[in-house]
């Protein structure tokens, strides 16, 4: 069964610290995405990638870096975590193909920056 | 684990007509959200429901936790309604866990 796995499930970080969120997919998908959700709101796209070793900026990339070392893995990196980055983060994957917009999501990582 | 089955995966409507998207849940969920994906990839929140129905313009959503489903009705569809819609549900356990449906690609034709 296709799966997108995020780790950790939750994390508490200190302001100014470095945080790395990991995502692993077994869907054999080319596209991977990182979203953040703030309480009661939609999901905003931070970074995405359509091929290994390449990443693209989404709607809100500032303060975040991304890394796609392989097709299966996509990481989100907060070099200097800030209070405003407290949110729930979702990773997703999808097939290559403009017409296919079905996304497969992980279960989310709750990040609290103190 | 929890699953959300969203249907249909694709839907084509003529302008002015309507239809419904549906999400079935394999377990009891305590809340559901409906999103629409914008042109830049972000998912815009349409509805958040813990029960009952909500309406906003030509969209109406319903959520029945006991019967384990939610629907999104679109009436008088317009060309600009075309896009991909997602539901996501939160189970009864505490925490951030959201389970997403696979999405419905809606195409509205003249």
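Quick notes on this structure:
Yes/no matrix, rows are residues, columns are (1) modelled with pLDDT under 90; (2) on the phi > 0 side of the Ramachandran plot; (3) touching a strand residue (DSSP E or B) at 6+ places or on another chain (Cβ under 6 Å):
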{"residue": "B:38", "(1), (2), (3)": "yes, no, yes"}
{"residue": "B:44", "(1), (2), (3)": "yes, no, yes"}
{"residue": "B:55", "(1), (2), (3)": "no, no, no"}
{"residue": "B:67", "(1), (2), (3)": "no, no, no"}
{"residue": "B:86", "(1), (2), (3)": "no, no, yes"}
{"residue": "B:90", "(1), (2), (3)": "yes, no, yes"}
{"residue": "B:104", "(1), (2), (3)": "no, no, yes"}
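- Within the stretch B:92-102, if we keep just the residues that are under 16 Å from residue B:21 (Cβ atoms) and either modelled with pLDDT of 95 or more or not in a strand (DSSP E or B) (or both), the residue that is farthest from the other protein chains (Cβ to nearest Cβ) turns out to be B:101.
- Unique match (being without any contact (Cβ under 8 Å) to a residue 40 or more places away in the chain and not in a helix (DSSP H, G or I)) among B:35, B:86, B:63: B:63
- Residue within the stretch B:51-59 that is within 25 Å of residue A:34 (Cβ to Cβ) and assigned to a loop (DSSP other than H, G, I, E, B) present: no
- Single residue of A:112, A:82, A:75, A:67 found to be within 14 Å of another protein chain (Cβ to nearest Cβ), touching a strand residue (DSSP E or B) at 6+ places or on another chain (Cβ under 7 Å) and modelled with pLDDT of 90 or more: A:112
- Restricting the stretch A:14-26 to residues that are crowded, with 18+ Cβ neighbours inside 10 Å and over 11 Å from the mean Cα position of the chain (by Cα), the residue that is nearest to the other protein chains (Cβ to nearest Cβ): A:25
- Checking every residue in the stretch A:28-37 against the condition of being more than 14 Å from the chain's Cα centre (by Cα), at pLDDT below 95 and assigned to a strand (DSSP E or B) gives zero matches.
- Of all residues in the stretch B:32-51 being within 8 Å of another protein chain (Cβ to nearest Cβ) and closer than 21 Å to residue A:50 by Cβ, the one that is surrounded by the fewest Cβ atoms within 10 Å (Cβ to Cβ): B:40
- Number of positions in the stretch B:4-31 that are surrounded by fewer than 20 Cβ atoms within 10 Å (Cβ to Cβ) and within 22 Å of residue B:90 (Cβ to Cβ): 10
The values are calculated or read from the model by the stated rules, or taken from the named source; none is laboratory data. Since the model is a prediction, treat every value here as computed from it, not as a measurement. All Cβ positions, even for glycine, are placed from backbone atoms using ideal geometry, and neighbour counts span all protein chains on display.
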